[in-house]
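A short worksheet on the structure shown next.
The values are calculated or read from the model by the stated rules, or taken from the named source; none is laboratory data. Remember, it's a predicted structure, so these values are computed and weren't measured experimentally. No Cβ is skipped: glycine too gets one built from the backbone with ideal geometry, and neighbour counts run over all protein chains shown.
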Amino acid sequence: MQLGKDMVERDFIPESKMLEIIDDCAEMGVKAITFSGGGEPLVYKYMPQTLRKLVETPIAFATLTNGARLKGEVAELFAKYGTWVRVSMDGYDNESYQKFRSTGKGEFDKIITNMEAFKKIGGKCYLGVSFIVGQENYHAIYSMSKILREIGVDSLKISPTITSNESEATNAYHAKIYNEVKEQVARAQADFGSRLEIYDSYHYQLESFEKSYTWCPYSQMLMVIGADLGIYPCQDKAYNIEEALLGSLKDISFKQWWAENKEAFFKINPSKVCNHHCVSDNKNKVILEYLNADKEHLGFV
């Protein structure tokens, strides 16, 4: 699998189409919208207009971000009306951040400053950081936890970098640092856990990423509308046109497409095209177990 292999970086959703999609989502009873992307979602030039529109609806909204654009009106709207913001990080100081992300000098400090200022705005929005751990930054888990607690971040999620579609290769990569990572996470939880929720999601991968099921329930619950106006089953399959494009909103509204294309959600056969890391795998298994249960016996525990 190659993430976003058909993505065209210059693509964006026109303002009028974005507002139409939000109207449709509100009418359809959509519960929540998350902004994410193969790039940085907060560079979208119509984000302020989009958020102002969302504030007028009952739809909850959130974003994944690198934190560089978390400022100004966009930050104000997320802080006051958003549900959560999650900043993805792997660098732990200016030098490492520049190396890992090929950014300019001082970018790490700017992002830390943005997050600190975001929390000072106040509001109900939950600010989290996802720290992606590998061999080059595992030693900084404790120090990063300390920095994030000091600037008021609400939560920190520690996750492993996925190095391969083969679980054995990823596990072998992490075996060299696994014990030290666990020790640092435990220390950070003990020292900073009273003011910073630290979620330990660092673990070995399944022995196999193979899927035995032939239908993905989660594609009907958490699909993706891309900047190309394509509809995809999930973030992993977004911008993989031949394999995963379910439809397009270029000439049709989201509401109309949804009503007329139910069969599109059965295009994806996970047993054939999803034999890679998938965050929805366990959730799919639970849903499928429920749906396959004998309906006459569901009342018995």
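Would you tally the residues in segment 153-168 being over 30 Å from Asp191 (Cα atoms) and part of a loop (DSSP other than H, G, I, E, B)?
Of the residues in that region, 4 qualify.
Among the numbered criteria (1) in contact (Cβ under 8 Å) with a residue 24 or more places away in the chain; (2) acidic (Asp, Glu); (3) out of contact with any Cys (no Cβ under 9 Å at 6 or more places or on another chain), which one does Glu289 miss?
Condition not satisfied by Glu289: (1).
I'd like the full set of residues that are surrounded by fewer than 19 Cβ atoms within 10 Å (Cβ to Cβ) and under 10 Å from Ile268 (Cβ atoms), limited to segment 228-245.
Residue satisfying the conditions is Glu243 alone.
Taking the residues in segment 136-167 that are at pLDDT 95 or above and among the acidic types (Asp, Glu) as candidates, determine which candidate is surrounded by the fewest Cβ atoms within 10 Å (Cβ to Cβ).
Within segment 136-167, the match that is surrounded by the fewest Cβ atoms within 10 Å (Cβ to Cβ) is Glu150.
Would you point out which residue out of Leu196, Leu222 is out of contact with any Phe, Trp or Tyr (no Cβ under 9 Å at 6 or more places or on another chain), buried (at least 20 other Cβ atoms within 10 Å of the Cβ) and within 28 Å of Gly128 (Cα to Cα)?
Going through Leu196, Leu222 in turn, just one is out of contact with any Phe, Trp or Tyr (no Cβ under 9 Å at 6 or more places or on another chain), buried (at least 20 other Cβ atoms within 10 Å of the Cβ) and within 28 Å of Gly128 (Cα to Cα): Leu196.
Give the residues of segment 124-136 that are over 14 Å from Thr63 (Cβ atoms) and assigned to a loop (DSSP other than H, G, I, E, B), sorted by residue number.
Once the filter is applied, which keeps residues that are over 14 Å from Thr63 (Cβ atoms) and assigned to a loop (DSSP other than H, G, I, E, B), segment 124-136 yields Lys124, Gly134, Gln135, Glu136.
Report, ordered by the first and then the second residue, all pairs with beta carbons closer than 6 Å, sequence separation of six or more or different chains, a first member in segment 36-64 that is surrounded by fewer than 17 Cβ atoms within 10 Å (Cβ to Cβ), and a second member that is among the hydroxyl-bearing types (Ser, Thr, Tyr).
From residues that are surrounded by fewer than 17 Cβ atoms within 10 Å (Cβ to Cβ), the pairs are Val55/Tyr81; Ala60/Thr83.
May I ask you to say which residue of Ile225, Ile132 is assigned by TED's automatic domain parsing to the domain that holds Pro270 and within 30 Å of Ser271 (Cβ to Cβ)?
The match here is Ile225.
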